[in-house]
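Below: one structure, written as C-alpha cells.
Since every read-out is calculated from the coordinates, none of them should be taken as a lab result. Every value quoted in this text rests on a predicted model; they were computed, and no experiment measured them. Note that each Cβ is placed from the backbone with ideal geometry, even for glycine, and that neighbours are counted across all protein chains shown.
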Amino acid sequence: MFSIDTGSGFWNPILWVLVIIIAFLMMYILRSLGRKDYRKTTEQIKPFLSGNPELEKDKMHVRGSNLYWGFRESLKGFYNVLLKLHSGNTSDYILWFVVIMAIFFIIIGVI
C-alpha cells in the first residue's frame, strides 16, 4: 500500500476507500434491520401527536410572534426604540455599519 507521509500522520487512499466501504456496509446492515411493514402511502407518514388528530396547517403553525411573545413583551421599550430606527432601506444599514466601524477603528487607533 502506498502511503503519503504528511509530517503529522499519513494518507493512504486505499485505506480510506476501505473505511468508506465498511461504513456504508454497516449503514446498509443497520437499515435492513428496520421495520418491513412501513409503507409510504399509508397513514404511517403522518406525525404522531400523542394520539391527537392533526389539525389544519394554519392552526398547527406556531408563529414567531407567539413563540417569542414573552421575550418581546419584556423588552418592549427597547423594541419600540429600534422600530423607530428601522427604515428597511439597505443603504441606511450600510451607513450605520460604516459609521460604527469608523468609531471602532478610531478607538483601536487611540489605544
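Observations
- Linear extension gain, L33 paired with F104, 0.36 nm per residue minus alpha-carbon span: 19.7 nm
- Positive-pole candidate from Y79, L95, N52, dipole of segment 49-111, charges at beta carbon: Y79
- At full extension, I22 and W69 could sit 12.0 nm farther apart than now, given 0.36 nm per residue minus the alpha carbon distance.
- Here is what passes the span test in the chain: the DSSP H helices with alpha carbon length of 27 Å or more along the helix axis and a Kyte-Doolittle mean of 1.0 or above are 13-32, 90-110.
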